[in-house]
Amino acid sequence: MKKIFASLILCASAIQVHAAEGQKFTLPDNRTAVISQGDLESASIGSYSIAIYKDAELMDLVAGAVFARDGSVFMDNGQPRIEFQDLNGDGNKELIVSKLTAGSGHYLEVDVLSLEGEQVKLIAQENGEKPAEILKKLKKKLTAKKI
């Protein structure tokens, strides 16, 4: 009986599946968010998710979404490539997620996400090499939509 039990434990430990590691951060409105890349996906292509919680303990989920990615949302040090700016002029800061492609291309794909209320919504996307130029294009694109 002990041998059977030991064999079961050994088998169970051999088939563990680990979830992708995410990074927790505070939103401008003091809610908490988690960004992570898709489980079991390549580091260079796949998906990323954003989950929004009312609390820092991640107990009260408010909203979430999954988006495609060509590149990594994390820097080499494990920190997410995110920032907050009001690009559309509505007084609320959008979440800006940059994805750096792997290989010789080495360009950025930047998503602008609206986090208002109980929705995470992709409102614009732009590609390029220089972050400042990409943000300038995105701001122009988003403010033109308001006119």
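Just to verify a result, which residue in the stretch 4-40, among those that are assigned to a loop (DSSP other than H, G, I, E, B) and over 30 Å from residue 93 (Cα atoms), is modelled with the highest pLDDT? Quick ask: steps written out before the conclusion?
Initially, the stretch 4-40 is screened for residues assigned to a loop (DSSP other than H, G, I, E, B), giving 15-21, 27-31, 38-40.
Remaining after also requiring over 30 Å from residue 93 (Cα atoms): 15-18, 40.
Numbers: 15: 38, 16: 37, 17: 35, 18: 36, 40: 91.
Among residues in the stretch 4-40 that are assigned to a loop (DSSP other than H, G, I, E, B) and over 30 Å from residue 93 (Cα atoms), the one modelled with the highest pLDDT is 40.
If you check 51, 56, which single one turns out to be in a strand (DSSP E or B) and either in contact with a Cys (Cβ under 8 Å, 6 or more places away or on another chain) or modelled with pLDDT of 90 or more (or both)? Steps first, answer last, please.
Details: 56 fails: in a strand (DSSP E or B).
51 is the lone residue from the list that is in a strand (DSSP E or B) and either in contact with a Cys (Cβ under 8 Å, 6 or more places away or on another chain) or modelled with pLDDT of 90 or more (or both).
Within the stretch 119-135, track down each residue that is β-branched (Val, Ile, Thr) and either assigned to a strand (DSSP E or B) or in contact (Cβ under 8 Å) with a residue 40 or more places away in the chain (or both).
120, 123
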- Query: Does residue 95 satisfy being at pLDDT below 95, buried (at least 17 other Cβ atoms within 10 Å of the Cβ) and out of contact with any Pro (no Cβ under 6 Å at 6 or more places or on another chain)?
  - Reply: no
- Among the residues of the stretch 104-120, is any out of contact with any Phe, Trp or Tyr (no Cβ under 9 Å at 6 or more places or on another chain), at pLDDT below 95 and among the aromatic types (Phe, Trp, Tyr)? yes
- Taking interchain pairs and intrachain pairs at least six residues apart, which have beta carbon atoms under 7 angstrom, with the first residue in the stretch 70-98 and under 11 Å from residue 113 (Cα atoms) and the second of a type in the set (S, T, N, Q) and assigned to a loop (DSSP other than H, G, I, E, B)? 86/92; 94/88
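Can you tell me how many residues in the stretch 51-72 are β-branched (Val, Ile, Thr) and on the phi > 0 side of the Ramachandran plot?
As a first pass, look at the stretch 51-72 and keep what is β-branched (Val, Ile, Thr): 52, 62, 66.
Next, from what is left, pick out any that are on the phi > 0 side of the Ramachandran plot: none.
The total comes to 0.
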- Item | Complete set of residues in the stretch 22-78 that are under 24 Å from residue 100 (Cβ atoms) and either polar (S, T, N, Q) or touching a helix residue (DSSP H, G or I) at 6+ places or on another chain (Cβ under 7 Å) (or both) | 23, 26, 36, 37, 42, 44, 47, 49, 72, 77
- Task: Give the residues of the stretch 74-106 that are under 26 Å from residue 145 (Cβ atoms) and either among the small types (Gly, Ala, Ser) or part of a loop (DSSP other than H, G, I, E, B) (or both), sorted by residue number.
- Result: 81, 86, 87, 88, 89, 90, 91, 92, 93, 98
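The values are calculated or read from the model by the stated rules, or taken from the named source; none is laboratory data. Keep in mind that what you see is a predicted model, and the values were worked out from it rather than measured. Positions of Cβ are generated from backbone atoms using ideal geometry, with glycine treated the same way; all protein chains shown enter the neighbour counts.
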